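**Student:** For reference, the structure I am asking about is given below.
The values are calculated or read from the model by the stated rules, or taken from the named source; none is laboratory data. None of the values given here were measured: they were computed from a predicted structure. Glycine gets a Cβ as well: all are built from the backbone with ideal geometry, and neighbour counts include every protein chain shown.
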């Protein structure tokens, strides 16, 4: 939960100047007290919270995982909480898209990082960012290890963590195992072709 401290404007000059410098101050007009403006200062430490971390070791090469991530139409095959996913362009850094969780509203996301070892997508929620980091490490004897880390940050991250955290933590491991099984099946199918 973010640390919040409220400082009333009085003789707190040092704290006041620090908060102004950091851009964490607001004027609020109280509806009950006409004409009275209360200036308060809020300092929010947007600590990132890790919701879950998991990994899988697979016989499939890294390219099989990236091929599955790039084909967003197949995400519901391994991501059991997702109805559909659509990209607004190619599977590259900076592309935006939408996904529809089962029983939830559509959510916009952006591919924040993408290279041969990393795929990071970020969903922007009201007052928070939900980040899925996928990291692929090739193994010396073939195959790879895939690590997934899910984090939440932002001023309202603690609220979203309470709403989504347990569900995400419960499903990411099985989703990754399902993705690995499909990537390995793709690899076997390619070998037979």
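**Student:** Just to be sure, is residue 130 assigned by TED's automatic domain parsing to the domain that holds residue 58 and buried (at least 18 other Cβ atoms within 10 Å of the Cβ)?
**Tutor:** Yes.
**Student:** Here is a further query. So, residue 19, is that one modelled with pLDDT under 50, surrounded by 16 or more Cβ atoms within 10 Å (Cβ to Cβ) and not assigned by TED's automatic domain parsing to the domain that holds residue 179 or not? Even if it seems obvious, please write down each step before you answer.
**Tutor:** Numbers: modelled with pLDDT under 50: yes; surrounded by 16 or more Cβ atoms within 10 Å (Cβ to Cβ): yes; not assigned by TED's automatic domain parsing to the domain that holds residue 179: yes.
Considered against the rule, which asks whether it is modelled with pLDDT under 50, surrounded by 16 or more Cβ atoms within 10 Å (Cβ to Cβ) and not assigned by TED's automatic domain parsing to the domain that holds residue 179, residue 19 comes out as yes.
**Student:** Confirm whether residue 154 is touching a strand residue (DSSP E or B) at 6+ places or on another chain (Cβ under 7 Å) and at pLDDT below 95.
**Tutor:** yes
**Student:** Okay, moving on. Could you check residue 165 against (1) surrounded by 14 or more Cβ atoms within 10 Å (Cβ to Cβ); (2) modelled with pLDDT of 95 or more; (3) touching a strand residue (DSSP E or B) at 6+ places or on another chain (Cβ under 7 Å) and say which number it fails?
**Tutor:** Residue 165 satisfies all of (1) surrounded by 14 or more Cβ atoms within 10 Å (Cβ to Cβ); (2) modelled with pLDDT of 95 or more; (3) touching a strand residue (DSSP E or B) at 6+ places or on another chain (Cβ under 7 Å) except (2).
Table: residues versus (1) closer than 25 Å to residue 184 by Cβ; (2) in the same structural domain as residue 177 (by TED's automatic domain parsing); (3) buried (at least 16 other Cβ atoms within 10 Å of the Cβ); (4) touching a residue at least 40 places away in the same chain (Cβ under 8 Å).
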position	(1), (2), (3), (4)
77	yes, yes, no, yes
81	yes, yes, yes, yes
90	no, yes, no, no
109	no, yes, yes, no
115	yes, yes, no, no
125	no, yes, yes, no
134	yes, yes, yes, yes
139	yes, yes, no, yes
